[in-house]
Amino acid sequence: MSSKTRSWWGWGNVEDAVTGAERAEITRRTAEMLPGADLTVHQAPPVESFEVGPSRVRPPQGLVSLASADVRDRLAHSHGQAFRDIVRALLGQLPHVPDLVMRPTSEDQIVRVLDWCSDAGIAVVPFGGGSSVVGGVEPRVGDDYAGVVSLDMGSMDQVLEIDRTSRAALVQAGVFGPQLEDQLRPHGYSLRFFPQSFEFSTLGGWLATRAGGHFATNLTHIDDLTESMRVIAPSGVIESRRLPGSGAGPSPDRMFLGSEGSLGVITQAWVRLQDRPRWRAGASVAFADYDAGVRAVCALSQSGLNPANGRLLDPTEAFINAGAPTAVLVLGFESADHPVNAPTERALELCRDHGGTLTEEPRYTDTAGRAARTGAADTWRNSFVRMPYQRDALASQGMIVETFETACTWDRFDALRAAVNAAAQDAMRQLGTPGVVTCRFTHVYPDGPAPYFGIYAAGTWGRTVEQWDEIKAAVSDALISNGATITHHHAVGRDHRPWYDRQRPDLFAAALQAGKTVLDPSGILNPGVVIDPLRTS
C-alpha cells in the first residue's frame, strides 16, 4: 500500500504535485504558447475554510462502524477529477457534499446499506477511486432525498480465485489497478488494462464506466475483458453465468457495464487474464504531413497486425507533450508467446509507404518486465503520466486545460476534426480566451479512430469553470452533429447527459428507465447519471 497522501482536492498524491523546476518549465512553455496569459499561482484553500454542515442522516446501529462523517473525507468524496471539479475545489466551491462516507467490507453490508437507504429515502452514490471526469461520483442529486451516502468500495479489494485452466480471475470491485496487478503478478498473469487513471481507479469503476485502457487496438475496453459480473441492486442480486461467449438473448453484463451505479452496485467480476508479455518492440514514426499520418494509422488498424500501442499525436500535441516538431505515431508491439520483430517491421514498412520516417531505430526486448520504448515514446509516456498533475498546476494558474474524447468512423474524421476545431476556436474567441486545440488518437479500430482533443486556453481566474462549460457545450454539439459519440471511454455521468440523451434512441432510454424501476424501485442509486431520477417532489 502506498505511503503517500492522496490529495483531497486534486489529482493523485500530494507528494507528486507539480512544483519547482517542473512548474517553472510548464509555466514557461505556456507563456510562450499563449503570450499575455495571467499565470499567477492560486493555492487550494484549507479544508477548514469549507462550510460543511453536519450530516443530515444517522445510520442504524449495525452500520455505524462503516460510516465516516469526517469533513475531509466527505469533501474528498464530493467531486471527481474533471477540470471543473479541480477549479471549484480551488475556489472553495463544493456545494454538493455527501452526508456520510460508508465503507462496506462485505456484500451483506452492502445489502443492509441499500435496504436502509431505500427505506429512509437516502441517495447512494457508489464510489471507486473517484477519478470520474464527468460528474459521475458527485452527489448532485436534487432535493428529493433525505441525504446522500457515498458508498466507497475500496475495502473490497481482493483477488478471490484464479482459474488457470480458463485463464481468468474472480476479483472484488474495489481493487485499485496497482493492487490488482500486484496480486496477479506472482501467478504470471496480468489483466493488461491500464487507463491513465490506473493508479487511482478501481475494477468496479472501470466496469461501471466502460473504461478504455492504454492499449490502443484489439482489446481496448474493459468490456472485452469481462467474463461475468455480480451486482447487488436494492431489489436483489444478479450474477451472470461465466461463459466465453453466448448468443442467449441480450447480455446481462451489457446492462450493467456503463450503468455507473445507477442500476446496482458491482461487487465482483470474473475477468479474462493474459500471460505477462516477454517480447516487446517500440518505435516512433514522424509524419511531416498529419493527414498522411492519419491514413497510415487507418491502414495499420485494418492490417490485422494489432499493435499494442498505436497513438498518433498531431503536431501541436507532439510539441507540447513530446517536444517533437511534427506529427508522431507512438508504436508498440508485445507478446508472451513469440518475438514481435516481424509484425513491427511490417508496420514500419506500412508507415513508410505513407510518408512516415523513423525518428530512431526501433527497440526490441525479450525480457519480461522490461520496456522497449524509444526516446520519443519514453518522453510521451512520462508526459502522459504527468498530464493530470500538470493540468492541476495550470488550472491553479488560471489556464483552461481540459480534454474531451470521442469516436467516429474513418470517413467522418476529417469533417469531425474541422468542426470541433471551428467550434472550440469560435467559443474561445467569443469568450476572449485565446487558446489552442490539440488532437491525438488514443484507440484505433478497423472502422474508425477515437480522437482525444485537448484545450489549452488562457482563462480568467474565478470564471474558468463557466468559460470551460461554454467551450465544452460548443464542442459537444459539434460531436453529436457530426455523427460522433459524446464519449469513447469517459462515461456519461451528469456532465454528458444532455448530449447522451440526443445520441441514444428514445425508446431505448424508456426501456432503461423501466429497468431501473424494477432494480431500484425507490430510485436511490446515483440519481441523475445515465437516466433520470425516479423520485419526484
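The values are calculated or read from the model by the stated rules, or taken from the named source; none is laboratory data. Everything numeric in this text was worked out from a predicted model, so none of it was measured. So basically every Cβ, Gly included, is an ideal-geometry build from the backbone, and we count neighbours across all protein chains shown. When the accessible area is computed, the model is the full protein with side chains, heavy atoms only, and any ligands, DNA or RNA have been set aside. Shrake-Rupley method; radii C 1.70, N 1.55, O 1.52, S 1.80 Å.
Couple of notes before you dig in:
- Tally, over segment 249-272, of residues that are open to solvent by 10 Å² or more (accessible area, probe 1.4 Å) and on the phi < 0 side of the Ramachandran plot: 11
- Cross-chain or 6+ apart pairs with Cβ under 7 Å, segment 174-199 first and over 13 Å from VAL159 (Cβ atoms), then part of a strand (DSSP E or B) and acidic (Asp, Glu): GLY188/ASP275
- ARG280 being on the phi < 0 side of the Ramachandran plot, basic (Lys, Arg) and assigned to a strand (DSSP E or B): yes
Table: residues versus (1) modelled with pLDDT under 95; (2) farther than 30 Å from GLY10 by Cα.
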{"position": "CYS298", "(1), (2)": "no, yes"}
{"position": "PRO325", "(1), (2)": "yes, yes"}
{"position": "THR344", "(1), (2)": "no, yes"}
{"position": "THR359", "(1), (2)": "yes, yes"}
{"position": "SER383", "(1), (2)": "yes, no"}
{"position": "MET387", "(1), (2)": "yes, no"}
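- Once segment 485-524 is narrowed to residues that are of a type in the set (Ser, Thr, Tyr) and not in a loop (DSSP other than H, G, I, E, B), the residue that is farthest from SER197 (Cα to Cα) is THR517.
- Long-range neighbours under 9 Å by Cβ, at least six apart or interchain, first residue within 10 Å of SER235 (Cα to Cα) and open to solvent by 50 Å² or more (accessible area, probe 1.4 Å) within segment 511-525, second hydroxyl-bearing (Ser, Thr, Tyr) and assigned to a helix (DSSP H, G or I): PRO521/SER118
- Within segment 273-282, considering residues that are farther than 20 Å from PRO362 by Cβ and of a type outside the set (A, V, I, L, M, F, W, C), the one least open to solvent (accessible area, probe 1.4 Å): GLN274
- ASP447 satisfies every condition listed in (1) in contact with a strand residue (DSSP E or B) (Cβ under 8 Å, 6 or more places away or on another chain); (2) free of Cβ contacts under 8 Å to residues at least 40 places away in the same chain except (1).
- For ALA269: the one exception among (1) out of contact with any Ser or Thr (no Cβ under 8 Å at 6 or more places or on another chain); (2) outside any helix (DSSP H, G or I); (3) within 18 Å of ALA491 (Cβ to Cβ): (1)
- Filtered residues of segment 170-191 (kept if open to solvent by less than 30 Å² (accessible area, probe 1.4 Å) and charged (D, E, K, R)): GLU181
- Scanning segment 192-248 for residues being in contact with a Gly (Cβ under 8 Å, 6 or more places away or on another chain), more than 30 Å from LEU329 (Cα to Cα) and open to solvent by less than 20 Å² (accessible area, probe 1.4 Å) gives a total of 5.
- Residue satisfying all of: in segment 475-485; open to solvent by less than 30 Å² (accessible area, probe 1.4 Å) and not β-branched (Val, Ile, Thr); farthest from the chain's Cα centre (by Cα) among these: ALA478
- Scope segment 392-416; condition touching a strand residue (DSSP E or B) at 6+ places or on another chain (Cβ under 8 Å) and under 29 Å from LEU39 (Cα atoms); matching residues: LEU394, ALA395, GLY398, MET399, ILE400, VAL401, GLU402, THR403, PHE404, GLU405
- Subset of segment 454-472 (residues that are surrounded by fewer than 19 Cβ atoms within 10 Å (Cβ to Cβ) and either without any contact (Cβ under 8 Å) to a residue 12 or more places away in the chain or not in a helix (DSSP H, G or I) (or both)): THR460, TRP461, GLY462, ARG463, GLU466
- Considering segment 124-151, the residues that are part of a strand (DSSP E or B) and under 18 Å from the mean Cα position of the chain (by Cα) include one that is farthest from LEU263 (Cα to Cα), namely PHE127.
- Single residue of segment 14-71 satisfying the filter (open to solvent by 50 Å² or more (accessible area, probe 1.4 Å) and of a type in the set (Ser, Thr, Tyr)) that is nearest to ALA458 (Cα to Cα): THR40
- ILE110 satisfies every condition listed in (1) open to solvent by 40 Å² or more (accessible area, probe 1.4 Å); (2) not in a loop (DSSP other than H, G, I, E, B) except (1).
- Residue within segment 81-97 that is crowded, with 22+ Cβ neighbours inside 10 Å, of a type in the set (Val, Ile, Thr) and under 30 Å from GLY236 (Cβ atoms) present: no
- Residue-level check: of (1) open to solvent by less than 30 Å² (accessible area, probe 1.4 Å); (2) closer than 26 Å to PRO244 by Cα; (3) of a type in the set (Gly, Ala, Ser); (4) more than 21 Å from the chain's Cα centre (by Cα), GLY121 misses just (2).
- Test result for VAL231, within 17 Å of TYR189 (Cβ to Cβ), outside any loop (DSSP other than H, G, I, E, B) and β-branched (Val, Ile, Thr): no
- Pairs linking a residue in segment 395-412 that is in a strand (DSSP E or B) to a residue that is open to solvent by 10 Å² or more (accessible area, probe 1.4 Å) and basic (Lys, Arg), with Cβ atoms under 7 Å and 6 or more positions apart or on different chains, are VAL401/ARG391; PHE404/LYS472.
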